[in-house]
Amino acid sequence: MSLSVILAALSPLRPYLIQLSVDKYITNHLLQMLIYISVVQLGILLIENGLRFWFLYRINWLGQTVINDMRKSVFRKILFQNIGYYDRTPIGTLTTRTINDVEAVNDVFSEGIVSIIADILTIIAIMIIMFITDWRLTLVCLAPFPILILATYWFKESVNKSFQRVRNAVAALNAFVQEHIVGMYIVQAFAAEKTEMDKFKTINKEHRDANIKAIFAYSVFFPVVEIILAMSMGLLVWWGAHRMLDYSVTPGVVIAFVMYLNLLFRPLRMMADKFNVLQMGMIAGERVFTVLDSKEHLADNGTVNADNIRGEVKFENVHFSYKAGTPVLKGISFEIPAGKTMAVVGHTGAGKTSIISILNRLYEIEGGSIKIDGTNLKDYDIYSLRNHIGIVLQDVFLFSGTIAENITLRNADIPREKVEAVCKLLGIHNFIMSLPGGYDFNVMERGNTLSQGQRQLLSFARALLYNPSILILDEATSSVDSESEQLIQQAIDKMITGRTSIVIAHRLSTIRRADEIMVMDKGQIIERGNHQSLIAAQGEYYKLYTAVEKQKERV
Ligand code: CTP
Ligand code: MG
């Protein structure tokens, strides 16, 4: 801040010294003084630009420090946000918040607020010295200023509008490209390239049009400023020459004024632009703060350590919905003794996956209670609890990185031997070793280089790594190749023995082995029992079972 004041005070100094040297020393042929003053000039030039360098460097340093912190806060917020938040917020939006919007906030620092203040101070300093030197000449020179103000206002408004359009278009482009690269398989498999390309063209055209609008404003504005500057110069020369003839103005003053005008116009030209940057930065900042201020953080005040849980699970009249007013689970009660296996079956959309999402506290329930070993779920320390609930989800998600990193989720505290031990137990060690690089095989983004069954097997290892007391398995409905299928079957057997397991099963072999089977429909439990008793009852389970039987057991 103080730097900008010094800079503003220094800027009119050089023209003033030139004025001095022209009027006093050149016209009077004082060579000695002229050399002296030139040295001073050079000194000021060096100091001024040294300061300018330091000023620029500090501002940007400050900006970068701020965005570094801000980006960390935003991402931390995102990491700890309730999963329900992501059901409602598009990924593209959050990416934009963390990357682009934070960047726009940085621009406020580097190009916005501080330099606007510096510019204004400079303009004021120059105007003051101009008025002191010759107020009449100043008024004449600055006569075209109102036009400049009008032009600036028009420019600011139109650029601002177009920039908002540009930003929206960029967001739309990002989202579109991102989504289509992820879903490329579908696009190509359904030969939808042409229609998608047409859609892309429309979005891209909007982007171009918005940009051209902005560029148009720039292209008009800068020549207009030049013309106004020329007008000022013309007036200066005209009036100055007149007055020089009757000796009421010295040549030095006229030369100094030429420099003042240039100094004055330089910041003015950029000012409108900077105001836009400022405005956009504020909008972006506001958006970033809505993310930072959102209160969707999971209430995490449990203290009970889950290290020694046996794994007895009890649901009592549990009610749950994703959106208020649309109940998904309507009064679920069941109990699984420690070490037993419960299979959950039911039509698609019945609420099976929802049961495990609330057991892991990814979502909060609305009514009733869930207890583990008699202690309410909310009383457990959430991280400790989640470490003791191993989970295999329907859709396996792998991150770009090695196999080992995907199993440990980059927890460097877990030794390689432990990873290998789990994989050996699951019978997938040999498969992993057959990949180039073994455990260091890079699976690339989302594990695209592996088959679905292989990905599933890796997610098994991930779930078993902490030797959880409770295991949740949401079996994938899609079929996998028969070699993996066998591996998966054996791995599931190994996983569920000796721990409380909830298996959302599609494989009859898994279901039959369960200690108890729970049949769900529309958010309620409609049947319970073991395989024999449910078959004998000839109810919903019997229908499901015979339907699958007809399709032939998948192996
Ligand atoms: N649902 C929702 N928001 C989510 C997930 C699910 O509103 N984030 C709704 C679904 O529309 C569905 C209901 O919750 O009507 C139950 O979903 P889910 O428990 O996932 O059903 P599953 O029984 O697991 O179905 P599937 O066999 O297809 O996996
Ligand atoms: Mg499901």
Over the range 336-351, the set of residues open to solvent by less than 50 Å² (accessible area, probe 1.4 Å) and within 16 Å of ligand 2 (Cβ to nearest atom) is M342, A343, V344, V345, G346, A350, G351
Whichever residue in the range 502-543 is over 23 Å from V318 (Cβ atoms) and at pLDDT below 85 and, among such residues, is surrounded by the fewest Cβ atoms within 10 Å (Cβ to Cβ)
S509
Given (1) in a helix (DSSP H, G or I); (2) free of Cβ contacts under 8 Å to residues at least 12 places away in the same chain, number of the condition N308 does not satisfy:
(1)
Suppose we filter the range 400-426 for residues that are open to solvent by 60 Å² or more (accessible area, probe 1.4 Å) and touching a Gly at 6+ places or on another chain (Cβ under 8 Å); how many remain?
1
Looking at (1) of a type outside the set (A, V, I, L, M); (2) away from ligand 2 (no atom under 16 Å from the Cβ); (3) modelled with pLDDT of 90 or more, which is the only condition S354 fails?
(2)
Qualifying positions in the range 408-417 - assigned to a helix (DSSP H, G or I) and not charged (D, E, K, R)
T408
For A324, indicate whether it is away from ligand 1 (no atom under 16 Å from the Cβ), in a loop (DSSP other than H, G, I, E, B) and either of a type in the set (A, V, I, L, M, F, W, C) or open to solvent by less than 90 Å² (accessible area, probe 1.4 Å) (or both).
no
Where a residue in the range 124-147 is within 17 Å of M271 (Cα to Cα) and its partner, wherever it lies, is open to solvent by 20 Å² or more (accessible area, probe 1.4 Å), with Cβ under 6 Å and at least six apart
A125/A9; I126/L263
Can you spot a residue in the range 303-320 that is at pLDDT 90 or above, within 16 Å of ligand 2 (Cβ to nearest atom) and either at negative phi or assigned by TED's automatic domain parsing to the domain that holds L450 (or both)?
yes
Do we find a residue being small (G, A, S), part of a loop (DSSP other than H, G, I, E, B) and more than 10 Å from ligand 1 (Cβ to nearest atom) anywhere in the range 332-339?
yes
Checking the conditions here, which among S400, S384 is outside any helix (DSSP H, G or I) and of a type in the set (S, T, Y)?
S400
Residue hits (the range 281-300; more than 20 Å from Y85 (Cα to Cα) and either open to solvent by 20 Å² or more (accessible area, probe 1.4 Å) or part of a strand (DSSP E or B) (or both)) are M282, I283
Out of all the residues in the range 262-280, is one or more closer than 18 Å to I126 by Cβ, surrounded by fewer than 17 Cβ atoms within 10 Å (Cβ to Cβ) and free of Cβ contacts under 8 Å to residues at least 40 places away in the same chain?
yes
So in the range 303-316, with the set limited to residues that are open to solvent by 80 Å² or more (accessible area, probe 1.4 Å) and touching a Ser or Thr at 6+ places or on another chain (Cβ under 9 Å), which one is nearest to R499 (Cα to Cα)?
R310
Conditions: (1) closer than 30 Å to K77 by Cβ; (2) open to solvent by 60 Å² or more (accessible area, probe 1.4 Å); (3) of a type outside the set (D, E). F109 meets all but one. Number of the miss?
(2)
If you go through the range 326-335 one residue at a time, do you hit one that is hydrophobic (A, V, I, L, M, F, W, C), under 25 Å from L508 (Cα atoms) and either away from ligand 2 (no atom under 16 Å from the Cβ) or assigned by TED's automatic domain parsing to the domain that holds T89 (or both)?
yes
Might you let me know whether the range 52-62 holds any residue that is of a type outside the set (A, V, I, L, M, F, W, C), assigned to a helix (DSSP H, G or I) and more than 30 Å from Y16 (Cβ to Cβ)?
yes
Among (1) under 35 Å from the mean Cα position of the chain (by Cα); (2) within 16 Å of ligand 1 (Cβ to nearest atom), F315 falls short only on (1)
Before we move on, is T375 of a type in the set (V, I, T), open to solvent by 10 Å² or more (accessible area, probe 1.4 Å) and within 10 Å of ligand 1 (Cβ to nearest atom)?
no
If you go through the range 209-228 one residue at a time, do you hit one that is over 30 Å from C141 (Cα atoms) and outside any helix (DSSP H, G or I)?
no
Would you kindly identify the helices (runs of 4 or more DSSP H) lying entirely within the range 418-530 that contain at least 1 residues that are in contact (Cβ under 8 Å) with a residue 40 or more places away in the chain and within 16 Å of ligand 2 (Cβ to nearest atom)?
452-464, 508-513
Consider F257 carefully, then state whether it is of a type in the set (A, V, I, L, M, F, W, C) and part of a helix (DSSP H, G or I).
yes
May I ask you to verify whether T122 is touching a helix residue (DSSP H, G or I) at 6+ places or on another chain (Cβ under 6 Å), in a helix (DSSP H, G or I) and away from ligand 1 (no atom under 16 Å from the Cβ)?
yes
Evaluate the following for L385: is it more than 16 Å from ligand 1 (Cβ to nearest atom), under 26 Å from the mean Cα position of the chain (by Cα) and either crowded, with 18+ Cβ neighbours inside 10 Å or small (G, A, S) (or both)?
no
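The values are calculated or read from the model by the stated rules, or taken from the named source; none is laboratory data. All values reported here derive from a predicted model rather than from experimental measurement. A quick note on method: Cβ atoms are made from the backbone with ideal geometry, for glycine too, and the neighbour counts reach across all protein chains shown. We work out accessible area using only protein heavy atoms, side chains counted, and drop any ligands, DNA or RNA first. Shrake-Rupley method; radii C 1.70, N 1.55, O 1.52, S 1.80 Å.
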